[in-house]
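Reading through the structure tokens given below for one structure.
The values are calculated or read from the model by the stated rules, or taken from the named source; none is laboratory data. Note that this is a predicted model, so its numbers are computed, not measured. Using ideal geometry, Cβ is built from the backbone for each residue, glycine included, and neighbour counts are taken over all protein chains shown. Remember, those area values only see protein heavy atoms, side chains included, never the ligands or the DNA or RNA. Shrake-Rupley method; radii C 1.70, N 1.55, O 1.52, S 1.80 Å.
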Amino acid sequence: MSLTKKQRQQVFEKYGEKCAYCGCELKKGWHADHIEPVERDMRTNKMWRPERDVIENINPSCPSCNIHKHSLTLEQFREQIAYHIEAMNKRSTQYKFLKKFGLIKETGEKVVFYFEKVENDQ
Ligand SMILES: [Zn+2]
């Protein structure tokens, strides 16, 4: 859906002008993310889940979170973030080196999105 100016402002303010996922301050160029993904046929541009294209299904997102989430569901996005640690341990000697010096500490905690923290505090 293309949001009206008023709806876009509503989405922007949904979590105090912060990214719903990482909680960073939203800056110019923030993205409106479909919480439950809406995919399009690349060829025809036809939407596969048009019922999801409603304002209730839209979260404010920083470009980085939106690009990483892409067409993943929330749970897939959560798993993907956690998987980055595994990937870093396999592939990055710098990451492993920094860990040895205690500069990076893995918590093993479940990824909790900012909007979940906000909703749990209420
Ligand atoms: Zn973010």
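Some observations on this one:
- The chain: relative contact order in percent, alpha carbon pairs under 8 Å with at least 6 residues between: 28
- Summarising the amide proton neighbourhood of ASP33: residues at separation of 5 or more, or on other chains, whose placed amide H is nearer than 5 Å comprise ASN59, SER61.
- Shown in residue order for region 53-70 are the 3J(HN,Hα) couplings computed by the Karplus curve 6.51 cos²θ - 1.76 cosθ + 1.60 at θ = phi - 60°: 8, 10, 4, 5, 9, 10, 10, x, 9, 6, x, 4, 5, 5, 5, 5, 5, 6 Hz (x for Gly and Pro).
- Solvent-accessible surface of region 1-98, taken per residue with a 1.4 Å probe and all protein chains present: 68 Å².
- CD proxy at 222 nm, helix term only [per DSSP H run n ≥ 4: -39500 (n - 2.57); per residue of the chain; nearest 500]: -11500 deg cm²/dmol
- Summarising the amide proton neighbourhood of GLY23: residues at separation of 5 or more, or on other chains, whose placed amide H is nearer than 5 Å comprise TYR114.
- Restricting the calculation to Cα atoms, the chain shows an Rg/Rh of 1.04 when the hydrodynamic-style radius is the Kirkwood one.
- Entries of LYS27/LYS69; LYS18/LYS46; LYS27/LYS117 with Cα pairs more than 24 Å apart: LYS18/LYS46
- Distribution of pairwise C-alpha distances over region 1-70, 10 Å bins, in %: 22, 50, 25, 3
- Dividing the convex hull volume of the alpha-carbon atoms in region 57-122 by its residue count gives 123 Å³ per residue.
- Calculated from backbone phi, Karplus (6.51, -1.76, 1.60) coupling profile of region 103-114 in Hz, x at Gly/Pro: 7, 10, 10, 8, 8, x, 6, 5, 5, 10, 6, 4
- Among ALA20, ALA82, ALA32: highest mean-square fluctuation, GNM of the chain, C-alpha pairs under 10 Å: ALA82
- Nearest-ten-degree value, helix 74-91 long axis tilted from longest Cα axis of the chain: 30
- Within the listed set PHE97, PHE12, PHE77, the Gaussian network model of the chain (springs between alpha-carbon atoms below 10 Å) gives the highest mean-square fluctuation for PHE97.
- Computed from the Cβ-Cβ distance with R0 of 35 Å, the FRET efficiency linking GLN9 to GLU79 stands at 0.60.
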